[in-house]
Amino acid sequence: QVQLVESGGRLVQAGGSLRLSCDASGRTSSLNVMAWFRGHPGTEREFVAALNLRDGTTHYQDSVKGRFTISRDNAKSTVYLQMDTLKPEETAVYYCAAREGPLVFNPIGYVMWGLGTKVTVSS
């Protein structure tokens, strides 16, 4: 089993930056993809960014391309989401997810999730 713990969420002004962290522990060697999603209670989570742990390729939702960067620190089994030029509409709970299979963008395809970290972007 794999445990995921997010951190780094807080209140930030529009146009500001945040770096979220996702610390993975357990059987991390089995993982193929780690991803970030965001959402609100009662709504479906939307894909934000993903990292293929085997070849390092990255994928982003169109609205965050050029502003968000997903990266990893292999030594720490940590994946980061650097978010720049944040917008008020990006206020959400940000979740880290992982899977052993190939990359998918639908949250249904992920069974390993963290509890989320709240990001609030004030206007």
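The values are calculated or read from the model by the stated rules, or taken from the named source; none is laboratory data. The structure presented is a predicted model; accordingly, all values stated were derived computationally and were not measured. Cβ atoms come from the backbone with ideal geometry, glycine included; neighbour counts cover every protein chain shown. The accessibility values were calculated without ligands, DNA or RNA, using every heavy atom of the protein model including side chains. Shrake-Rupley method; radii C 1.70, N 1.55, O 1.52, S 1.80 Å.
What strands (runs of 3 or more DSSP E) completely inside the range 3-53 contain at least 2 residues that are at pLDDT 95 or above and over 20 Å from SER77 (Cα atoms)? Spell out the reasoning first.
Details: elements: 11-13, 18-26, 33-39, 46-52.
In the range 3-53, the matching strands (runs of 3 or more DSSP E) lie at 11-13, 33-39, 46-52.
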*For residues in the range 67-110 being basic (Lys, Arg) and surrounded by fewer than 18 Cβ atoms within 10 Å (Cβ to Cβ), which is farthest from VAL2 (Cα to Cα)?*
LYS87
*State all residues of the range 1-17 that are more than 21 Å from ARG67 (Cα to Cα) and open to solvent by 50 Å² or more (accessible area, probe 1.4 Å); if no residue qualifies, say none.*
GLN1, GLN3, VAL5
_Go through (1) surrounded by fewer than 21 Cβ atoms within 10 Å (Cβ to Cβ); (2) under 12 Å from the mean Cα position of the chain (by Cα) for LEU20 and report which single condition fails._
(1)
*Would you confirm whether any residue within the range 53-62 is open to solvent by less than 30 Å² (accessible area, probe 1.4 Å) and on the phi < 0 side of the Ramachandran plot?*
no
*Only residues in the range 6-18 that are within 11 Å of THR120 (Cβ to Cβ) and in contact (Cβ under 8 Å) with a residue 12 or more places away in the chain count as the first member; pair them with residues that are among the aromatic types (Phe, Trp, Tyr) and surrounded by 14 or more Cβ atoms within 10 Å (Cβ to Cβ), Cβ under 7 angstrom, at least 6 apart or cross-chain, and list the lot.*
GLY9/TYR94
*Residue list for the range 113-123, restricted to those being in contact with a Cys (Cβ under 9 Å, 6 or more places away or on another chain), open to solvent by 20 Å² or more (accessible area, probe 1.4 Å) and assigned to a strand (DSSP E or B)*: TRP113
